[in-house]
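A quick write-up on the structure given underneath.
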Amino acid sequence: MSLSRLIARPLLAAGVVYGAQTALRNSSALAPKAARVTDRVVPAVRKAVPGAPIPTDTATLVKLNAGVQIGAALALATGRAPRLGAGVLAASLVPTTIAGHAFWSETDPAAKQTHTLQFFKNLSLIGGLIIAAGDTDGQPGVAYRARRVAKDTRREAKHQAKLIATAARQEARVAKAKVS
(Lines give C-alpha, C1' and ligand atoms only; values in the text may rest on other atoms or scores of the structure.)
Protein backbone atom coordinates (compact mmCIF):
# COMPACT_ATOMS: atom_id res chain seq x y z
CA MET A 1 0.00 0.00 0.00
CA SER A 2 1.32 3.43 -0.88
CA LEU A 3 2.06 6.04 1.75
CA SER A 4 -0.74 8.29 0.45
CA ARG A 5 -3.30 5.50 0.83
CA LEU A 6 -1.93 4.64 4.26
CA ILE A 7 -2.59 8.23 5.36
CA ALA A 8 -5.66 9.14 3.29
CA ARG A 9 -7.91 6.19 4.12
CA PRO A 10 -7.88 6.71 7.90
CA LEU A 11 -8.31 10.46 7.39
CA LEU A 12 -11.39 9.89 5.23
CA ALA A 13 -12.78 7.49 7.82
CA ALA A 14 -12.02 9.62 10.90
CA GLY A 15 -14.67 12.28 10.35
CA VAL A 16 -17.31 9.69 9.58
CA VAL A 17 -16.50 7.67 12.72
CA TYR A 18 -16.74 10.81 14.84
CA GLY A 19 -20.09 11.79 13.33
CA ALA A 20 -21.44 8.24 13.58
CA GLN A 21 -20.52 7.81 17.24
CA THR A 22 -22.18 11.15 17.96
CA ALA A 23 -25.29 9.90 16.15
CA LEU A 24 -25.26 6.70 18.21
CA ARG A 25 -25.14 8.66 21.45
CA ASN A 26 -27.79 11.20 20.39
CA SER A 27 -30.05 9.14 18.14
CA SER A 28 -33.26 10.31 19.78
CA ALA A 29 -32.26 13.96 19.38
CA LEU A 30 -31.36 13.42 15.71
CA ALA A 31 -34.50 11.41 14.92
CA PRO A 32 -36.72 14.41 14.06
CA LYS A 33 -34.21 15.64 11.47
CA ALA A 34 -33.78 12.13 10.09
CA ALA A 35 -37.55 11.67 9.84
CA ARG A 36 -37.57 14.03 6.84
CA VAL A 37 -35.63 11.41 4.91
CA THR A 38 -36.74 8.16 6.54
CA ASP A 39 -40.44 8.98 6.08
CA ARG A 40 -39.80 8.91 2.32
CA VAL A 41 -37.11 6.25 2.03
CA VAL A 42 -38.53 3.50 4.26
CA PRO A 43 -41.86 3.16 2.37
CA ALA A 44 -39.98 3.16 -0.95
CA VAL A 45 -37.61 0.42 0.24
CA ARG A 46 -40.48 -1.64 1.64
CA LYS A 47 -42.27 -1.35 -1.68
CA ALA A 48 -39.15 -2.30 -3.63
CA VAL A 49 -38.19 -5.16 -1.30
CA PRO A 50 -41.37 -6.63 0.18
CA GLY A 51 -40.86 -8.40 3.47
CA ALA A 52 -37.52 -6.70 4.16
CA PRO A 53 -36.93 -6.38 7.91
CA ILE A 54 -36.64 -2.59 8.00
CA PRO A 55 -37.37 -0.85 11.30
CA THR A 56 -39.88 1.97 11.27
CA ASP A 57 -38.60 3.76 14.36
CA THR A 58 -36.49 6.72 13.20
CA ALA A 59 -34.13 6.59 16.19
CA THR A 60 -33.41 2.93 15.43
CA LEU A 61 -32.73 3.83 11.79
CA VAL A 62 -30.30 6.55 12.93
CA LYS A 63 -28.48 3.99 15.09
CA LEU A 64 -28.46 1.46 12.26
CA ASN A 65 -27.01 4.03 9.84
CA ALA A 66 -24.38 5.03 12.41
CA GLY A 67 -23.40 1.39 12.96
CA VAL A 68 -23.09 0.83 9.21
CA GLN A 69 -20.96 3.95 8.92
CA ILE A 70 -18.63 2.87 11.73
CA GLY A 71 -18.20 -0.60 10.24
CA ALA A 72 -17.57 0.75 6.74
CA ALA A 73 -15.20 3.43 8.05
CA LEU A 74 -13.18 0.78 9.89
CA ALA A 75 -13.04 -1.33 6.74
CA LEU A 76 -11.72 1.68 4.83
CA ALA A 77 -9.28 2.84 7.53
CA THR A 78 -7.74 -0.58 8.14
CA GLY A 79 -7.54 -1.49 4.45
CA ARG A 80 -9.44 -4.76 5.04
CA ALA A 81 -12.14 -3.96 2.46
CA PRO A 82 -11.36 -0.38 1.50
CA ARG A 83 -13.32 -0.24 -1.76
CA LEU A 84 -16.45 -1.76 -0.24
CA GLY A 85 -16.12 0.41 2.86
CA ALA A 86 -15.73 3.57 0.80
CA GLY A 87 -18.73 2.70 -1.36
CA VAL A 88 -20.95 1.96 1.63
CA LEU A 89 -19.83 5.19 3.32
CA ALA A 90 -20.56 7.26 0.21
CA ALA A 91 -24.04 5.73 -0.05
CA SER A 92 -24.80 6.16 3.65
CA LEU A 93 -23.65 9.76 3.71
CA VAL A 94 -26.20 10.85 1.11
CA PRO A 95 -29.28 10.53 3.37
CA THR A 96 -27.24 11.69 6.36
CA THR A 97 -26.25 14.87 4.52
CA ILE A 98 -29.75 15.57 3.24
CA ALA A 99 -31.33 15.03 6.66
CA GLY A 100 -28.67 16.71 8.76
CA HIS A 101 -27.79 19.73 6.66
CA ALA A 102 -30.95 20.84 4.88
CA PHE A 103 -29.77 24.43 4.48
CA TRP A 104 -32.59 25.19 2.04
CA SER A 105 -35.16 24.94 4.82
CA GLU A 106 -33.28 27.17 7.29
CA THR A 107 -34.55 30.68 7.99
CA ASP A 108 -31.85 31.84 10.38
CA PRO A 109 -28.94 33.24 8.26
CA ALA A 110 -26.24 31.95 10.63
CA ALA A 111 -27.74 28.45 10.76
CA LYS A 112 -28.22 28.50 6.98
CA GLN A 113 -24.57 29.38 6.47
CA THR A 114 -23.40 26.65 8.86
CA HIS A 115 -25.58 24.01 7.22
CA THR A 116 -24.52 25.12 3.76
CA LEU A 117 -20.87 24.73 4.70
CA GLN A 118 -21.47 21.31 6.27
CA PHE A 119 -23.58 20.18 3.31
CA PHE A 120 -20.83 20.99 0.82
CA LYS A 121 -18.16 19.55 3.10
CA ASN A 122 -20.09 16.29 3.09
CA LEU A 123 -20.42 16.45 -0.70
CA SER A 124 -16.64 16.78 -0.90
CA LEU A 125 -16.26 13.83 1.44
CA ILE A 126 -18.65 11.78 -0.71
CA GLY A 127 -16.54 12.68 -3.76
CA GLY A 128 -13.38 11.49 -2.03
CA LEU A 129 -15.12 8.28 -0.99
CA ILE A 130 -16.26 7.64 -4.56
CA ILE A 131 -12.64 7.99 -5.70
CA ALA A 132 -11.54 5.63 -2.90
CA ALA A 133 -14.25 3.15 -3.88
CA GLY A 134 -12.78 2.96 -7.38
CA ASP A 135 -9.16 2.84 -6.23
CA THR A 136 -7.61 -0.53 -7.08
CA ASP A 137 -4.50 0.17 -4.99
CA GLY A 138 -2.28 0.00 -8.04
CA GLN A 139 -3.64 -3.40 -9.06
CA PRO A 140 -5.68 -3.99 -12.21
CA GLY A 141 -9.39 -3.72 -11.63
CA VAL A 142 -12.00 -6.33 -12.53
CA ALA A 143 -12.91 -4.59 -15.81
CA TYR A 144 -9.28 -4.53 -16.93
CA ARG A 145 -8.81 -8.18 -16.00
CA ALA A 146 -11.97 -9.18 -17.88
CA ARG A 147 -10.83 -7.31 -21.01
CA ARG A 148 -7.39 -8.90 -20.71
CA VAL A 149 -8.86 -12.42 -20.43
CA ALA A 150 -11.08 -11.77 -23.46
CA LYS A 151 -8.12 -10.48 -25.48
CA ASP A 152 -5.94 -13.43 -24.47
CA THR A 153 -8.75 -15.87 -25.29
CA ARG A 154 -9.24 -14.35 -28.76
CA ARG A 155 -5.50 -14.50 -29.44
CA GLU A 156 -5.28 -18.11 -28.27
CA ALA A 157 -8.35 -19.07 -30.35
CA LYS A 158 -6.76 -17.60 -33.50
CA HIS A 159 -3.53 -19.44 -32.76
CA GLN A 160 -5.36 -22.74 -32.25
CA ALA A 161 -7.37 -22.18 -35.45
CA LYS A 162 -4.13 -21.74 -37.41
CA LEU A 163 -2.66 -24.91 -35.87
CA ILE A 164 -5.80 -26.85 -36.75
CA ALA A 165 -5.81 -25.51 -40.32
CA THR A 166 -2.12 -26.44 -40.74
CA ALA A 167 -2.74 -29.92 -39.34
CA ALA A 168 -5.75 -30.37 -41.63
CA ARG A 169 -3.69 -29.38 -44.69
CA GLN A 170 -0.97 -31.85 -43.70
CA GLU A 171 -3.51 -34.63 -43.23
CA ALA A 172 -5.04 -33.79 -46.61
CA ARG A 173 -1.59 -34.06 -48.27
CA VAL A 174 -0.91 -37.37 -46.53
CA ALA A 175 -4.30 -38.72 -47.59
CA LYS A 176 -3.78 -37.53 -51.17
CA ALA A 177 -0.35 -39.15 -51.29
CA LYS A 178 -1.80 -42.47 -50.08
CA VAL A 179 -4.49 -42.38 -52.76
CA SER A 180 -2.02 -41.74 -55.59
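The values are calculated or read from the model by the stated rules, or taken from the named source; none is laboratory data. Nothing here was measured: the structure is a model prediction, and the numbers come from that model. Counting neighbours? That spans all protein chains shown, and the Cβs are built from the backbone with ideal geometry, glycine included. Remember, those area values only see protein heavy atoms, side chains included, never the ligands or the DNA or RNA. Shrake-Rupley method; radii C 1.70, N 1.55, O 1.52, S 1.80 Å.
What angle, in degrees between 0 and 90 and rounded to the nearest 10, separates the Cα long axis of helix 82-100 from the longest principal axis of the Cα atoms of the chain?
Approximately 30 degrees, to the nearest ten.
Would you mind telling me the share, in percent, of accessible area of the chain contributed by carbon and sulfur at probe 1.4 angstrom?
Values: 7790 of 11940 Å².
Carbon with sulfur: 65 percent of the solvent-accessible area.
Cβ neighbours within 10 Å, averaged per peptide: list 27-35, 44-52, 67-75 in order, most packed at the top.
Details: 27-35: 16.7, 44-52: 9.2, 67-75: 19.7.
Output ranking for 27-35, 44-52, 67-75: 67-75, 27-35, 44-52.
On average, how much area does the Cα convex hull of the chain cover when viewed from any direction, in nm²?
Numbers: hull surface 71.6 nm².
Result: a mean projected hull area of 17.9 nm².
Which of Val68, Val174, Val88 sits closest to the plus end of the dipole of the chain, meaning its Cα is farthest towards the positive end, when Lys and Arg get +1 and Asp and Glu get -1 on the C-beta?
Farthest along the dipole direction, towards plus: Val174.
Taking a temperature of 20 °C and a viscosity of 1.002 mPa s, what whole-number D in µm²/s does Stokes-Einstein yield for segment 1-99 with Rh from Kirkwood over alpha carbon pairs? Show your work: numbers first, answer last.
Working: Rh = 14.1 Å.
Estimated via Stokes-Einstein, D reaches 152 µm²/s.
Under 8 Å for C-alpha pairs, at least 6 residues apart: give me the relative contact order for segment 24-180, rounded to a whole percent. Could the numbers behind the result be given before it?
Details: 106 pairs, mean separation 29.2, N = 157.
Relative contact order of segment 24-180: 19 percent.
Taking Cα atoms, how many degrees apart are the long axis of helix 27-48 and the longest axis of the chain, rounded to 10 and kept between 0 and 90?
Helix 27-48 sits at roughly 40 degrees to that axis.
Using a 1.4 angstrom probe, figure out how much accessible area segment 1-126 has per residue, in square angstrom, rounded to the nearest whole.
59
What is the magnitude of the charge dipole of segment 9-81 about its Cα centre, with +1 placed on the Cβ of each Lys and Arg, -1 on the Cβ of each Asp and Glu, and no other charges, expressed in debye to the nearest 20?
On the way: 9 positive and 2 negative charges, 20 e Å.
For this selection, approximately 100 debye.
Between Asp57 and Thr107, what is the FRET efficiency for a Förster distance of 25 Å, r being their Cβ-Cβ separation, to the nearest 0.05?
On the way: r = 29 Å, r/R0 = 1.15.
After rounding, the FRET efficiency stands at 0.30.
Once you place label points 7 Å from the Cα toward the Cβ at Ala175 and Ala150, how far apart are they in nm?
It is 3.7 nm.
How large is the helix-only mean residue ellipticity at 222 nm for the chain, computed as the sum of -39500 (n - 2.57) over DSSP H runs with n ≥ 4, divided by its residue count, in deg cm²/dmol to the nearest 500?
Details: 6 runs with 149 residues, N = 180.
That comes out to -29500 deg cm²/dmol.
Please list, or write none, the lysines whose alpha carbon is within less than 16 Å of the alpha carbon of Lys63, excluding same-chain residues fewer than 8 places away.
Cross-link targets: Lys33.
Expressed as a fraction of 2.2 N^0.38 Å, the rule-of-thumb size for a compact globular protein of N residues, what is the C-alpha radius of gyration of segment 135-180? Mind dumping the intermediate values first?
Working: Rg = 19.8 Å, N = 46, 2.2 N^0.38 = 9.4 Å.
So the Cα radius of gyration is 2.10 times the expected 2.2 N^0.38 Å.
What ranking of Thr97, Thr78, Thr107 comes out by heavy-atom accessible area, probe 1.4 Å, highest first? Spell out each step's value before the answer.
Details: Thr97 5, Thr78 85, Thr107 130 Å².
These residues rank, largest area first, as Thr107, Thr78, Thr97.
At a Cα cut-off below 19 Å, give the aspartates and glutamates reachable from Lys47, other chains included and same-chain residues fewer than 8 away excluded.
Asp39, Asp57
For segment 91-139, what class follows from the C-alpha gyration tensor (a ≥ b ≥ c being the square roots of its eigenvalues): rounded when a/c is under 1.5, otherwise prolate if a/b is larger than b/c, else oblate? Walk me through the numbers on the way to the answer.
Values: a/c = 6.37, a/b = 2.96, b/c = 2.15.
It is prolate, given that a/c is not under 1.5 and a/b is the larger ratio.
Taking the Cα centre of segment 1-148 as origin and charging only Cβ (+1 Lys, Arg; -1 Asp, Glu), how large is the dipole, in debye to the nearest 20? Could you put the intermediate results ahead of the total?
Working: 16 positive and 6 negative charges, 94 e Å.
Roughly 460 debye for segment 1-148.
How many angstrom lie between the C-alpha centres of segment 161-179 and segment 43-89?
That distance is 64 Å.
To the nearest 10 degrees, how steeply does helix 58-78 sit against the main Cα axis of the chain, on a 0 to 90 scale?
Helix 58-78 sits at roughly 50 degrees to that axis.
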